[in-house]
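Report on the structure given below.
The values are calculated or read from the model by the stated rules, or taken from the named source; none is laboratory data. Since the structure is predicted, the reported quantities are computational estimates derived from the model, not experimental observations. Every residue, glycine as well, gets a Cβ built from its backbone with ideal geometry; the counts of neighbours run over all protein chains shown. Calculation scope for accessible area: heavy atoms of the full protein, side chains included, ligands and nucleic acids excluded. Shrake-Rupley method; radii C 1.70, N 1.55, O 1.52, S 1.80 Å.
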Amino acid sequence: MSWIDGLRHRVRTVLRPGAYAQELADEFSHHRELHGAGGGSPFGNATYHREETRRMTWLAWTDLLRQDVGYAWRSIRRTPAVTAMVVITLALGVGVNGAVFNVLDQLYLRDPAGVVNAGGVRRIWTKHTRTGGGPIFYSRAMAYPQYKVAAEQWGDTAALAVMTLRGDFKLGGTRAGVSTNVLFASANYFTLLGIRPFKGRFFTAAEAATGVVTNQIVLSHRYWQTALAGDEAIIGKRIKLDTSEWEVIGIAQPGFDGIDLRAEQAWAPLGSLPGAVSARYETGSIWTSPRYLSFFTFGRLPTGTSAVDFERRSTAAMRDANRQFYGAFADTLSTLSLGGIIESRGPATPRQEELIITRLQVVALIVLIIAVANVVNLLLARAVSRRREIAVRLALGISRARLVRLITIESVVLAMLAAVAALFTAWWGGSVLRTQLMSDITFVQPAIHAHVVWVTLGVALACGVLAGVIPALQFSKPELTADLKEGTRAGGRRRSRLRDGLLVAQAALSVTLLVGATLLVRTLRNIQSIDIGFDTSHVFYASAGYDPGTAPPMAERIARIQEVEQRMAGRNGVAAVGRTALFPMGGFSFWSFWWGSDSSQSLQKTPPVGFAVGAKFFEASGMRVLAGRTFDDGPAAEGQLVVNDALAKLLWPGQDAIGQCVRFDKSTEPCTIVTGVVSTASRGELIEQPQPQYYLPIGVKRTENMGGTILVVRTAPGANLAAVEADAMALIKQALPNSYPQVRAMEEIVAPKYRPWRLGARLFAGVGLLALIVAVVGIYSTVAYSVGQRTHEFGVRIALGAQLRDIVNQVVGEGVRVVAVGIGIGVALAFAAGRLVKSLLYGVEPTDLSAMILAAVVLLGAAVAASVLPAWRAGRADPVGALRRE
Amino acid sequence: MPRESNGPLQGTLDVLVLRALALQATHGYGVSEWIRERTAGSIVIEDAALYKALHRLERDGAVAAEWGASENNRKARFYRLTPAGRRLLKAEEAAWNDYVAAVARVLSAT
C-alpha cells in the first residue's frame, strides 16, 4: 500500500538522517556520472540542492523541532528560578496523582492477571439485613449448604465455582517457614477463569469432590520460583504445609495469583480442606453445617440466564432455605446480588481505606489544578517580561503559529523535566500509600509500573501543553509598536484579568483543601479521645507460639500459663497480671442463654457476646468494676459470671444485676449467677454503640475449649517496660520450653484500628499544606511580577510624596483583594463538597463553621505574608531613576 | 511542515515525472533523459528541481524508491509509481488537458 511506503520512507528519514544524507549524496553522484557520459545540464551548487531536496522530507520538520527545543532549553536555563519553581510545582502536582493512582489502579482498574474474559466473571454477594434492624452489610461468605442453594438457581452447576481460603500455612512445617495461603476450590475454578497449567495439571472434578481427600496441590508460578527455587522436578514431589504433606501436581501459568487482592500461593482440591472430614459442628460437618460461613463463589452466568433473573430467584430460594437452616432467627430479608471480578467495585460498601483513596484522588486532582494554575501564572509573568523579545520576533516575520509552538514547546520541555521528578514522587508516594494504607493487600506489581508511568507522563504532557498554550496565545498578539517602544516597562499597565482569575481559582481550591484537612485532623482528635475501655499505655499482652503440630495439649498450656501468671504477680515493676483467651478487640464468642423466660437469641439487634478471662483480667487490662466483684479464680468460679454495664442495662433495666440468674443453653440448666458489673469496653471497633458483653471464668466447664493462654500485664508506674516484657518472655519459655514467647504492647494491638484515621488526617493535612505552599508561591510570584513591572509608577508616586506605608498598603491590598474573592468561593465550594468527605469524618460536621473560618484566616494570613515582601520592595522604588526614564 | 506551492509550473513537472515513471521504473537520470528525448530537447528539467520533485512525491507516497543496479552496473536509486501515484497521474493529466484546452480557447478566440 502506497501510503505505508510513504510513511516508511518518512519515518526512516527521520530515524536515520545520516543514512538518508549518504543515500542522497550517492544518488547525486550517480546522476553526475551518467550525466558526464550523456551530456546536459550540470548540477551547479550540489550542497545547496541536496539541502533543498532534503527539505522535501520529514527532516525539515524535525530540524525545526530540534531548533525549537534548543531555543526552549536556552531560555529555560536563562531563568533558573522560574524553571525550578515550575518544575517543583508540577512535579508535586503530578507526582501526588501518580502515587494515588498507583493504588487506585490496583483496587479498581486492574483485572486479576491472567484471567480470560474477566468481564464475564460474577461473584455472588449477600446483603444482610438483620431482621431485628441491625446494621446492613454485604458479605461474600456463605455456608456450603447455601452454596448448594445458589448453584441450583445458577442453572449450570459447572459454571459456578466454590472455594474457601486457609491462610498462613508454614512451608516445611516450621514456624519460620514461608507463609502460604491455600485456596481450596472446586475443579472448575481454573476452567472458569481460563487459567492454564504451566507445568503438570490441575485437579479434576472427581479429585475435588467433597468427601474425597487427595492432598494434591497446585502452586503459583511465583511461589514455585521464590519459595521452592523453581525446582524443575517439582511435579510429583511432596511439600509439607504445617503438619500435613501435599503432592504437587501442577504449576499455574505465570502471573496468576488468584483473583483477590490478597495473593494466593497455592490451590488445592476442595475436598482436601483440612478438618473437613473430622471436624463436627453442632449442626453437622463443614459440608452440611449452615454455621460454617466460609465459602465464596464466583461463576459465569449460563447463556439464557440474566443477572436480574438470578438475583430474584436465588434471593427467594435462599430465604426459604435460611428459614430451614436457622429457624426463627433466620435473616429473612437478606438478598443476593451479583458483583464483578474486581471486588472493590462493589456492591459492598467501600472500606475506609477505599473511601480514603478515592477521596484522595479527587484531592490530588485539585492539587494538580492548583499547580497548573500556578505554572500558567508563572509562565504568564515571564511572558510579560519577554514581551519585547516576542514583539521583535513578530516584527521580523515569525508566524504566530510558530511563536505559539515555540512557547508551548518551552513549557512542554519544563513539563518533561517535571515528569521525571514526578515519577520519583509517584514511586515513593505510591510505596508509602501501599504499606501504610493498604498493608493487607498483596501488590504484585512494583510500585511504579506501566500504567502509572503512562498516566504520569500523559498528565505531565497535558499540563505542559495547557500551561504553554494559554500564555502563548495571549502574548503572540501584542500591540507591536507599543511593545517595541516600551518593552517590559509597560507590563503592569494592564493588569491581566486571566492572571487574577487564576489566582482566585488557586485561592478557592486551597481553602477547600484546607477545610478538608482541618476536618480530618479534628476527626482524628475525636477518634483518639474515644475511651475504648481498655488501658492502652502501660499494658502488654504475652503469649506463646509453637511450630505447627508441636503445641502441648490445651489443658497443659493453660496450667503452665497460670503458673506464670502467679509468678509474675509478685515481680518487680508489675502492677497487675491476668489471663485471657483472646486479644482485646480481636474476636468474641457466642453462647446462647436464657434469663427469666427470654432467650438471648431474641436480641438480634445487639447480640450479647462472651469472653473467657481470668479473675484478674479486669484489673490488668484497665477495666473498672462498677458494682459487685469479679468472679473467683479457678474451679471455684463455676456458676459465676461478670456482665458489662451495657448488658446489665439491656437485661435488667432499672434493677440490680448482681445476683441475677442466667441459664446457658437451655432454660432448664442450673443458674449462673452475676457476681459483678464492669465498665463497657469496645468489642472490636473504635466507633461502636456500647456492646453488651459478658465474661466467663477460665477454668470452668463451659470455657474448657476456649483457651486462656494469653497473659495481660500492667506495669507499675515508672517501671522499665522492656525489662518486664523480657521477664515475662523468660518465664513463659521456662514453663513451656518448646514455645516461642512473644509480647505485644496494647498500643501495638490497637494501632491498626487507628491507622486509617491517622493516615487520612496525615494525607489530607499534607496535601492541604502542599496546596497552601503552592498557593503562596503563586500569590508571591504574581504580586512580585506585577510590582516589578510597575517600578516606574511607584517611583513617580514616591516622588509625589507617597510614603512607604502607602505603597505597601496599596500592593498588599491589591493582592489580598483578589485572594479574598477566592476564599469566598472556596468556602462556598467546601460547603458544597462536604458530602464527599462526610463518610471520613467522626464527631464533626462537613459544614463545620470553625473549620471554614480557620482555613480562610490561614490563607488570608498567607496571602498577606506573601505580598508584604514585594510590596516593601515596591515602596523602596527609586524615584530619581523612575523620573529619569520618563 | 513546509508545503511547496502547487502552481501550474510545479504541476507540470510532477505530471511529467509521473508520466515518465508510468512506463517503467527508472532512476532520476533516466527520468530526465526520457523527458528530454520525448520533447526533443525543448523541455530540459533542471536536475535539482527533478530530485526535489522525486523526493517530494516519495514523501507523499506517489512514488516508491529502492536501490538497484543501473545500466552501467552502478548502484542507483530506482523510482516506481505506486497505485496512489497512478491515481495522481490520472488526475493531473485530466487537469492539464483541461488547462491546455482552456488556454487554447483563449488564444484562438477572435
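Computed from the Cβ-Cβ distance with R0 of 35 Å, the FRET efficiency linking A:ASP111 to A:LEU461 stands at 0.85.
Computed extension length for A:ARG140-A:LEU804: 231.9 nm, one decimal, from 0.36 nm per residue of separation with the Cα-Cα distance subtracted.
Distances between every pair of Cα atoms in region A:155-204, grouped in 5 Å steps from 0 to the bin holding the largest one, split as 5, 17, 19, 19, 19, 11, 6, 3, 1, 0 percent.
With all protein chains in place and ligands, DNA and RNA left out, the 1.4 Å accessible area ranks A:LYS838, A:LYS127 as A:LYS838, A:LYS127, largest first. Buried area at the A:B interface is about 2800 square angstrom, summed over both chains, from accessible surfaces computed with a 1.4 angstrom probe.
Over the protein assembly as shown, the Kirkwood radius and the radius of gyration, each from Cα atoms, give a ratio Rg/Rh of 1.11. Globularity index of chain B is 1.15 (Cα radius of gyration / 2.2 N^0.38 Å, N = number of residues). For chain A, A:CYS463 stand unpaired, since no other cysteine beta carbon lies under 4.7 Å from theirs. Couplings 3J(HN,Hα) of region A:747-754, computed from phi: 4, 5, 5, 8, 3, x, 5, 7 Hz, in residue order, whole Hz [Karplus 6.51 cos²θ - 1.76 cosθ + 1.60, θ = phi - 60°; x for Gly and Pro]. When A:VAL677, A:VAL796 are compared by accessible area at a 1.4 angstrom probe, the order from most to least is A:VAL796, A:VAL677.
The label point for A:LEU860 and the one for A:SER306, both projected 7 Å from the Cα toward the Cβ, are 5.9 nm apart. When the pairs A:LYS237/A:LYS733; A:LYS649/A:LYS838; A:LYS616/A:LYS733; B:LYS52/B:LYS75; A:LYS605/A:LYS666 are compared against a 25 Å limit on Cα-Cα distance, A:LYS237/A:LYS733; A:LYS649/A:LYS838 fall above it.
Placing unit charges on the Cβ atoms of the charged side chains and taking the dipole of the protein assembly as shown about its Cα centre, the candidate lying farthest along the positive direction among A:PHE101, A:GLY707, A:VAL613 is A:PHE101.
A 1.4 Å probe run over the protein chains yields, for the protein assembly as shown, 45 Å² of accessible area per residue, whole-number rounding. A viscosity of 1.567 mPa s and a temperature of 4 °C, combined with the Kirkwood radius over C-alpha pairs in the Stokes-Einstein formula, give region A:705-803 a diffusion coefficient of 63 µm²/s.
When DSSP beta bridges are restricted to pairs lying wholly in the protein assembly as shown, around 80% turn out antiparallel. For chain A, the dipole from Cβ point charges (+1 on Lys and Arg, -1 on Asp and Glu) about the Cα centre works out to 2920 debye, to the nearest 20.
The Cα atoms of region A:728-886 cover 96, 38, 20 Å along the three principal axes, with the biggest extent listed first. Per residue, the average separation of C-alpha pairs within less than 8 Å and at least 6 apart gives chain A a relative contact order of 15 percent. Of the residues making up region B:14-35, those losing 50 Å² or more of accessible area when the isolated chain is joined by the remaining protein chains, with a 1.4 Å probe, are B:TYR29.
Here the calculated FRET efficiency for A:ALA25 and B:ARG80, from their Cβ-Cβ distance with R0 = 25 Å, stands at 0.70, rounded to the nearest 0.05. Using R0 = 35 Å, the C-beta based FRET efficiency linking A:ALA205 and A:GLN601 works out to 0.35.
Per-residue Karplus couplings for region B:44-56, computed as 6.51 cos²θ - 1.76 cosθ + 1.60 with θ equal to phi - 60°, are listed in order as 10, 8, 5, 4, 4, 4, 4, 5, 4, 5, 4, 6, 5 Hz, Gly and Pro entered as x. When the helices in chain A are scored as -39500 (n - 2.57) per DSSP H run of 4 or longer and the sum is shared across all residues, what 222 nm value do you end up with, to the nearest 500 deg cm²/dmol? Computed ellipticity for chain A at 222 nm equals -17000 deg cm²/dmol.
Each residue of region A:631-644 is assigned a 3J(HN,Hα), and the resulting list reads 6, 6, 8, x, x, 5, 7, 3, x, 10, 7, 10, 10, 9 Hz, derived from the Karplus form 6.51 cos²θ - 1.76 cosθ + 1.60 (θ = phi - 60°), x at Gly and Pro. Site pair A:ALA401 and A:VAL821 shows an inter-label distance of 3.6 nm when each label is modelled 7 Å from Cα along Cα→Cβ. For chain A, the longest principal axis of the C-alpha atoms and the axis of helix A:17-38 are separated by about 40°.
Counting only lysines at least 8 places from A:LYS148 when in the same chain, those with an alpha carbon closer than 25 Å to its own are A:LYS127. Extension gain for A:LEU333 to A:HIS128 (0.36 nm times residue separation, less C-alpha to C-alpha distance): 73.1 nm. Hull volume per residue, based on the alpha-carbon atoms of region A:65-223 and their convex hull, is 295 Å³. Tell me, what % of the accessible area of the protein assembly as shown is carbon and sulfur with a 1.4 angstrom probe? Heavy-atom surface of the protein assembly as shown belonging to carbon and sulfur, 1.4 Å probe: 58 percent. When all protein chains stay in place and ligands, DNA and RNA are ignored, the 1.4 Å accessible-area order of A:LYS753, A:LYS148, largest first, is A:LYS148, A:LYS753.
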